[in-house]
Amino acid sequence: MSSILTLISSLISLYTLIIVFRIMLTWFPGQNYGRGEMILRSATDPYLNMFRRARWMRVGYVDFSPVVALATLSITASVLTQIALAGSVTLGFILALVVSRLGYTIRFLVILLTVLTGVRAAAIAFGASSGHRVWVTMDQLLQPLSWKISRRVLPRSELTYRQGLMIVTASGVVTAVLLTLLVNVLIRALISLPV
């Protein structure tokens, strides 16, 4: 039984790599990769489409459904591996695993946003041209978000876009640290559950 679970876990890990490759291909739209791409789509898109249907996973131009899809595969593979190794799994272990994957995925996204806002604020400070395609794309993502966050932090202040980006950057650093501490405490508490 444990060898079957290990095999299934390994197949899930392989499928995860195939999905990552498929996601990376979407970063280069307009390219035609021929029959290989069609096979790849037919193998991955049915699974990814289950997550794409959830509209709440889209924020502006960014679709987070692939992240959730990959996290789901990761959790499933980890649970199967744990059962194969230990012969059983507790509810506390599963909950700790879910909190771990979810928390660290959110932390990764917060850190990514923090880096992007920091880079954009620095570019504005050093006078980088706002007309370049990279900056326009970043601004489409970051302006609405920085406005919402800075309005919550300083509701009555008139802020420039750069000041809003700096607030989001600072808030991102604090959020990432607090999230890491909270996730670690929750994981320890959940793993110690006797059930």
(Q) Could you work out [θ]222 nm for the chain from helices alone, using -39500 (n - 2.57) per DSSP H run of at least four and dividing by all its residues? Round to the nearest 500 deg cm²/dmol. (A) -27500 deg cm²/dmol
Q.
Shape verdict for the range 1-70, please, from the Cα gyration tensor: rounded (a/c under 1.5), prolate (a/b greater than b/c) or oblate.
A. oblate
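Mind checking the range 1-91 for trypsin sites (Lys or Arg not before Pro) that DSSP puts in a loop (not H, G, I, E or B) and that have at most 15 other Cβ atoms within 10 Å?
Values: sites: ARG22, ARG35, ARG41, ARG52, ARG53, ARG55, ARG58; in loops: ARG53.
Answer in residue order: ARG53.
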(Q) Can you compute the charge dipole magnitude of the chain about its Cα centre, using +1 on each Lys and Arg Cβ and -1 on each Asp and Glu Cβ, nothing else charged? Give it in debye, rounded to the nearest 20. (A) 380 debye
Q) Mind ordering 126-138, 161-173, 177-189, 101-113 by average Cβ neighbours within 10 Å, highest first? A) 161-173, 101-113, 177-189, 126-138
Q. Let a ≥ b ≥ c be the square roots of the eigenvalues of the Cα gyration tensor of the chain; is it rounded (a/c under 1.5), or, if not, prolate (a/b larger than b/c) or oblate?
A. oblate
Q) If you place +1 on the Cβ of every Lys and Arg and -1 on the Cβ of every Asp and Glu, how big does the dipole about the Cα centre of the range 90-195 come out, in debye to the nearest 20? A) 80 debye
Q: Assign one of three labels to the range 90-195, namely rounded, prolate or oblate, based on the Cα gyration tensor with a ≥ b ≥ c the square roots of its eigenvalues; rounded applies when a/c is under 1.5, prolate when it is not and a/b is larger than b/c, and oblate otherwise.
A: prolate
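The numbers here are math on the coordinates, done by the rules we state, and not lab data. In this text, all values refer to a predicted model and were calculated from it rather than measured experimentally. Neighbour counts run over all protein chains shown; Cβ positions are idealised from the backbone, glycine included.
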